[in-house]
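These notes concern the structure reproduced below.
Each reported figure results from applying straightforward, stated rules to the coordinates on display, with no laboratory input. Keep in mind that this is a model prediction, so the values were computed, not measured. FYI the Cβ positions are ideal-geometry reconstructions off the backbone, even for glycines, and counts take in every protein chain you see.
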Amino acid sequence: MTAMTEQDGKEFVRRRKARNRAMLVVLLGLCVLFYVMTITRMGGH
C-alpha cells in the first residue's frame, strides 16, 4: 500500500466536495419536486 501524497490528498478532498455538492443539488431538486407535486394535488380539490 502506498502513502497518499499531499497532492493526492488535495485531489481526494476536492472530489469529495464536488460529490457532496452534487448530492446536495439532487436532494434539493427532489424536495422541490415533491413540494410542487403536493401543491398541485392540493390545489386540484
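At a glance:
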| read-out | value |
| --- | --- |
| Scope the stretch 1-23; condition under 10 Å from the mean Cα position of the chain (by Cα) and of a type in the set (Asp, Glu); matching residues | none |
| Unique residue being surrounded by fewer than 10 Cβ atoms within 10 Å (Cβ to Cβ) and in a helix (DSSP H, G or I) when the list is Arg41, Arg14 | Arg41 |
